[in-house]
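Chemist: Handing you this structure, nothing more for now.
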Amino acid sequence: MKCMRAIVVKRHGGTEVLEETEVAEPATGPADAVVRVRAVALNRLDLWVRNGVPGHTFPLPMIPGSEVSGVIEGLPPGTEDWAIGDEVIVAPGYSCGTCRACLGGNDALCNHFGIFGESSNGGYAERMAVPLRNLLRKPEALTFEEAAAIPLDFLTAWHMLLSRAGMRMGETVLVQAGGSGLGSAAIQIARLFGAKVFTTVGSPEKGEKARQLGASEVILYREVDLAKEARRLTQKKGVDIVIEHVGGETFEASLRALARGGRLVTCGASANGEARLNLRLVFFKGLSILGSTMGSLAELHEIMDHVQAGRLQPVVDRVFSLQEVAAAQEYLESRQNFGKVVLRVSDH
């Protein structure tokens with residue numbers, strides 16, 4: 001049996017449960033490719049897999065890592081569109097591809113939907129097996145670290161803004177936590193489609209970086225009342241859309257920041273999964289609260305067209321080695337980063 005190096009989570013806990021070990025190389029099916037992992041980007045999802053989430057069961061032991069770039073090392077016989085040695089990005093979500101949800105572009109609603117690194121083994125390893133339909137070509141201009149910083153956050157932000165919120169040109173969008181991977185992607189996408197972008201950040205330094213990505217207004221959330229500041233910046237109207245992924249007290253503040261008929265889209269709860277909800281606020285102002293998870297393969301291919309053309313750019317804050325995974329996760333947890341934290345798995 002051939003083995004490879006990997007980081008495995010066998011039980012929930014602190015960074016001490018991130019175990020570097022030898023595991024069997026991934027088994028492949030008739031429509032799977034083997035990708036030699038060059039880089040894998042970190043996400044809050046990795047922290048949830050490690051820490052555990054109340055009421056949710058992860059199929060431990062698990063190799064985390066949802067955002068992967070690498071090189072094709074193995075292919076099924078007769079594969080025509082790909083060759084050994086091709087540089088690729090792995091689409092992080094997988095589904096059956098044949099049900100009504102998948103055929104309608106709603107991959108995340110498929111009964112068989114999963115995410116690498118959460119539902120099945122991911123990229124904190126030397127190799128991983130992925131369905132051929134999950135392969136995308138890596139733009140030549142990007143490093144492997146930059147390429148790994150694209151698929152999950154850009155796809156999530158794209159789906160939230162365009163598919164769920166139905167964002168239109170000229171609308172105002174408030175992006176919570178603009179320094180996060182999701183936030184830095186959402187700022188760029190909203191600007192690309194003609195929205196005016198406000199974003200919350202924790203420091204003036206992050207605020208300057210957010211402006212460079214296209215944010216028109218920066219809100220230092222520790223210093224002001226978010227809802228009052230959003231109304232001030234919009235001449236008391238409020239914002240049309242909030243991209244919310246923090247949860248807790250921030251969720252209610254996001255609702256209060258909305259204009260009449262506004263839409264709040266949530267894809268996560270990095271601070272707290274519980275939130276207060278003022279129903280009068282919702283029905284008197286005609287607000288919409290929309291849940292969102294990932295997006296479709298078709299959307300990711302469209303995103304890659306914009307990346308290839310230079311209209312969207314990955315933002316990498318810091319790169320660690322695979323052996324520094326504990327330090328990398330601690331850095332992500334500390335919220336010091338602006339953009340993505342990435343693990344370099346191999347140099348060749």
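Chemist: Past the 13 angstrom mark, what percentage of all C-alpha to C-alpha distances in segment 19-69 do you count?
Modeler: For segment 19-69, the share of Cα pairs beyond 13 Å comes to 70 percent.
Chemist: From the square roots a ≥ b ≥ c of the eigenvalues of the alpha-carbon gyration tensor of the chain, which class results: rounded (a/c under 1.5), prolate (a/b over b/c), or oblate? Mind dumping the intermediate values first?
Modeler: Values: a/c = 1.78, a/b = 1.63, b/c = 1.09.
Because a/c hits 1.5 or more and a/b exceeds b/c, the chain counts as prolate.
Chemist: Now a separate question. Per 0.36 nm of contour for each residue apart, how much would the distance between residue 232 and residue 27 grow if the chain were fully extended, relative to their Cα-Cα spacing? Don't skip to the end; give the middle numbers.
Modeler: Values: separation 205, 0.36 × 205 = 73.80 nm, distance 5.65 nm.
My answer for the length gained is 68.2 nm.
Chemist: In deg cm²/dmol and to the nearest 500, what is the mean residue ellipticity at 222 nm of the chain if only DSSP H runs of at least 4 residues count, each as -39500 (n - 2.57), divided by the residue total? Please list the in-between numbers first.
Modeler: On the way: 11 runs with 90 residues, N = 348.
Taken over the chain, the calculation gives -7000 deg cm²/dmol.
Chemist: With the other protein chains left in place, how much accessible area per residue, in square angstrom, belongs to the chain at a 1.4 angstrom probe?
Modeler: Accessible surface, normalised per residue, equals 44 Å².
Chemist: Then there is this: So which of 196/228; 138/340; 206/236; 228/285 end up more than 20 Å apart, counting from Cα to Cα? Walk me through the intermediate numbers first.
Modeler: Details: 196/228 18 Å; 138/340 17 Å; 206/236 26 Å; 228/285 16 Å.
From the list (196/228; 138/340; 206/236; 228/285), the Cα-Cα distance tops 20 Å for 206/236.
Chemist: Do you know the relative contact order of segment 170-212, to the nearest whole percent, from alpha carbon pairs under 8 angstrom that are 6+ apart?
Modeler: Relative contact order here is 46 percent.
Chemist: Do me a favour and compute the ellipsoid semi-axes for segment 50-175 from its Cα gyration tensor, root of five times each eigenvalue, largest one first, whole Å. It would help to have the intermediate numbers written out before the result.
Modeler: On the way: eigenvalues 126, 83, 58 Å².
Ellipsoid half-lengths, sorted descending, are 25, 20, 17 Å.
Chemist: Hey, another quick one. Under a no-solvent Debye model with one identical scatterer per Cα of segment 130-224, what's log10 I(q)/I(0) at q = 0.16, 0.22 Å⁻¹?
Modeler: -0.70, -1.08
Chemist: Sticking with this one: Using a 1.4 Å probe on the protein heavy atoms, what percent of the accessible area of segment 147-303 belongs to carbon and sulfur? Display every interim value, and only then the final one.
Modeler: Working: 3190 of 6570 Å².
Answer for segment 147-303: carbon and sulfur cover 49 percent of the accessible area.
Chemist: Continuing with the same structure: Using bins 5 angstrom wide from zero, how does P(r) for segment 172-319 break down, in % of all Cα pairs?
Modeler: P(r) for segment 172-319, in whole percents per bin: 2, 10, 19, 23, 21, 14, 8, 3, 1, 0.
Chemist: Please state the shape class of segment 71-129: rounded when a/c is under 1.5, otherwise prolate if a/b exceeds b/c and oblate if not, all from the C-alpha gyration tensor.
Modeler: Oblate.
Chemist: Now for a separate question. Sorting 260, 50 by accessible area (1.4 Å probe), largest first, what list results?
Modeler: Largest accessible area first, the residues go 260, 50.
The values are calculated or read from the model by the stated rules, or taken from the named source; none is laboratory data. Here the structure is a predicted model, which means the values were calculated and not measured. We work out accessible area using only protein heavy atoms, side chains counted, and drop any ligands, DNA or RNA first. Shrake-Rupley method; radii C 1.70, N 1.55, O 1.52, S 1.80 Å.
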